[in-house]
């Protein structure tokens, strides 16, 4: 009897689930009905769905389950794109705004991309890291399943399998495998670019060599090569842009679809760290060095392409240059 009275007095806590909120379409600004929202938790076999709910005509959803130990995530699929939202412990589990977006196969005008190639030669190997930094300031998700959201041309000796570390706006890094694209020698990354900042990282190791050549994907994106300060590149398709003293790096602008360089010297910009349980083996830790490099080099890219606002893209943060 007391329980019945309690429910009548506080119906929301009895009739609604432990987790409730509204699915909002960020492209239209309106609540989105008929979207399945799942409470998921990462496990050894990937994301494990614990409970689900479908948003009603007003976009409301209610999951009748307690929040599990962290990391706890809310996840929804909308028009072929998976959206994930972290639910930290201590944050209210009611009144949640879960945002999804419409998708487009063409990159929105408000999306900008920069391409970084890091060359670190040693006596035994030539370590190459490639990074795409993408800032999507539109209210639409870019997804091109045919051509990928980014393309790159690793050397043939790398083989047919290239692992990609993806850091979406949620900042939860995941692993994807690049697949061959239609263009000869090209690989594509088939991962949606949601509004916000997304980063793709690729790393491969080549035999030690005093030369290196690479083709870069066509487009208006700036491509910059970074080497340790102890290394100098000379050759076709690049132009030295200066030195970044804070991270002891030398910067080059790529000026042609293919650059071919001679390599003098050896060195590493940052120490490699062993992979942890949630990291991809063989992937270098690039976040810290990238943040430092891009924090200082935005003006160089701005001079190269006349996009002074690009500095904001390369800083992993929102704001203007």
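The values are calculated or read from the model by the stated rules, or taken from the named source; none is laboratory data. These numbers were taken from a predicted model, which means no experiment stands behind them. Positions of Cβ are generated from backbone atoms using ideal geometry, with glycine treated the same way; all protein chains shown enter the neighbour counts.
The table below gives the values:
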read-out: Failed item in (1) under 20 Å from residue 200 (Cα atoms); (2) crowded, with 19+ Cβ neighbours inside 10 Å, with residue 39 passing the rest; value: (1)
read-out: Pairs where the first residue, in the range 155-166, is touching a residue at least 60 places away in the same chain (Cβ under 8 Å) and the second is surrounded by 15 or more Cβ atoms within 10 Å (Cβ to Cβ) and part of a loop (DSSP other than H, G, I, E, B), C-beta under 8 Å, 6+ apart; value: 163/280; 163/283; 165/173; 165/280; 165/283
read-out: Residue selected from the range 220-247 under the condition loosely packed, with under 15 Cβ neighbours inside 10 Å and in a loop (DSSP other than H, G, I, E, B), by the criterion modelled with the highest pLDDT; value: 230
read-out: Residue in the range 97-109 that is crowded, with 18+ Cβ neighbours inside 10 Å and under 30 Å from residue 226 (Cβ atoms) present; value: yes
read-out: Flag for residue 49 being surrounded by 18 or more Cβ atoms within 10 Å (Cβ to Cβ) and in a strand (DSSP E or B); value: no
read-out: Residue within the range 156-167 that is under 30 Å from residue 65 (Cα atoms) and outside any strand (DSSP E or B) present; value: no
read-out: In the range 70-101, the residues that are part of a loop (DSSP other than H, G, I, E, B) and touching a strand residue (DSSP E or B) at 6+ places or on another chain (Cβ under 8 Å); value: 71, 72, 79, 80, 87, 93, 94, 95, 101
read-out: Test: residue 196 is surrounded by fewer than 17 Cβ atoms within 10 Å (Cβ to Cβ), within 20 Å of residue 140 (Cα to Cα) and modelled with pLDDT of 90 or more; value: yes
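Condition check ((1) modelled with pLDDT of 95 or more; (2) part of a strand (DSSP E or B)) across all residues:
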position: 134; (1), (2): no, yes
position: 139; (1), (2): yes, no
position: 146; (1), (2): no, no
position: 171; (1), (2): no, no
position: 177; (1), (2): no, yes
